[in-house]
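Colleague: Could you have a look at this structure, given as structure tokens, before my questions?
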Amino acid sequence: MGLSGIGLRLLEIRKKHGFTQSVMAAKLDIADRTYKFYELGRRELPVATAVKFCQLFEVDIRWLLLGDGHPAELDLPSIVEESALAVLNECSEMEPPLSNEKIAKLTGYVAEQSVQKGTPASEEAAAVIRIMK
């Protein structure tokens, strides 16, 4: 068996932090060999260990187990706030001013694009407003 699925995602986070397999095992309170087998896909990762891993490394459990979404847990309130501010800043001097409904739709779009692309909300808002002008 080679690296795949959960094992690849464990490896990705381990490499991101610059840890060895032994360090990861110690952080999870498991044997070195056990961690190695999880990473290699030779053993199934127990739910309790997956939850602990996600808490320690601030990883979204859906990403770890299924590969869905992003590794990091998303701070949705902050993303929405940043997107709203970016859109409002970009629209502040537009003539005629945009309706609240349009600003709300733009904010949703900017937040979605920012999350999907991993780009700052200000960059996405500027791009959208440039297109609109």
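The values are calculated or read from the model by the stated rules, or taken from the named source; none is laboratory data. Nothing here was measured: the structure is a model prediction, and the numbers come from that model. Here Cβ is always computed from backbone atoms with ideal geometry, including for glycine, and neighbour counts include all displayed protein chains. Heads up: the accessible areas ignore ligands, DNA and RNA and are worked out on the full protein's heavy atoms, side chains in. Shrake-Rupley method; radii C 1.70, N 1.55, O 1.52, S 1.80 Å.
Colleague: Name the single residue, out of those in segment 46-93 being under 17 Å from Ala125 (Cα atoms), at pLDDT 85 or above and aliphatic (A, V, I, L, M), that is nearest to the chain's Cα centre (by Cα).
Modeller: Val80
Colleague: Another question, if that's okay. Can you name the condition, by its number, that Val47 falls short on among (1) under 30 Å from Gly5 (Cβ atoms); (2) surrounded by 12 or more Cβ atoms within 10 Å (Cβ to Cβ)?
Modeller: (2)
Colleague: For the structure I just gave you, tell me whether Gly118 is small (Gly, Ala, Ser) and in contact (Cβ under 8 Å) with a residue 60 or more places away in the chain.
Modeller: For Gly118, the condition - small (Gly, Ala, Ser) and in contact (Cβ under 8 Å) with a residue 60 or more places away in the chain - is not met.
Colleague: Let me ask something additional. Looking only at residues in segment 77-133 that are open to solvent by 60 Å² or more (accessible area, probe 1.4 Å) and among the small types (Gly, Ala, Ser), which one is farthest from Trp63 (Cα to Cα)?
Modeller: Here the answer is Ser92.
Colleague: Of all residues in segment 3-22, how many are of a type in the set (Val, Ile, Thr) and surrounded by 14 or more Cβ atoms within 10 Å (Cβ to Cβ)?
Modeller: 2
Colleague: So, one more: If you go through segment 23-35 one residue at a time, how many are part of a helix (DSSP H, G or I) and either without any contact (Cβ under 8 Å) to a residue 12 or more places away in the chain or buried (at least 17 other Cβ atoms within 10 Å of the Cβ) (or both)?
Modeller: The qualifying residues number 8.
Residue by residue, here is whether (1) of a type in the set (Val, Ile, Thr); (2) within 23 Å of Asp68 (Cα to Cα) holds:
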position: Glu95; (1), (2): no, no
position: Glu101; (1), (2): no, no
position: Leu106; (1), (2): no, no
position: Ala111; (1), (2): no, yes
position: Val115; (1), (2): yes, yes
